[in-house]
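Next up is a structure, given as structure tokens.
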Amino acid sequence: MSQTPSESAPEPEAAASAPDTPEAAQHAAEAPVEANRAEPELVTETVRDEVVVRKAPRVGVFLVLGVAVGVLAALVLTFAFPENAEFDRGQVFGFLLLGCGAVGAALGGLVAVVLDRTSTKRARTVIAEHDETHR
């Protein structure tokens, strides 16, 4: 099928320059006005604050390490003594695991608190700068 010149699609430049509807014509007339509006000017301020910097231990890591040491202690204690006639080794390990795990977690937490106290003595005060941008 061949197209005649009257059936061909309008060229993009012609379509862009001639609005089809009155709303499009009004919008095209307002476009230069919107383009000429100036953007509000942004102001950036630098604020300086004094902050305290220190290295603090992660308490959760110390608690987990304390529990791990408690588990190992329970395992060693389970096999360090002869087997009991009343309880088998699995039950003895379970009992010791409860006690040694709790004691290990408590000792790990205590070590974390002591290290936290010593880190407050080594704290430094520094100046931190941050920028605030607003209109």
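Compare the Cα positions of Ala80, Val59, Val113 along the charge dipole of region 44-134 (+1 at Cβ of Lys, Arg; -1 at Cβ of Asp, Glu; about the Cα centre) and return the one farthest towards the positive end.
Farthest towards the positive pole: Ala80.
Another question, if that's okay. For region 75-129, which GluC sites (Glu not before Pro) are in a loop by DSSP, counting at most 14 other Cβ atoms within 10 Å? Don't jump to the answer; show the numbers that get you there.
Numbers: sites: Glu83, Glu86, Glu129; in loops: Glu83, Glu86.
When the GluC sites (Glu not before Pro) of region 75-129 are filtered for loop state and at most 14 Cβ neighbours within 10 Å, Glu83, Glu86 remain.
A short reminder: the numbers here are calculations on the coordinates, not readings from a lab. The structure displayed is predicted, hence computed values, not measured ones. With ideal geometry, Cβ positions are generated from the backbone for all residues, glycine too; neighbour counts draw on all protein chains shown.
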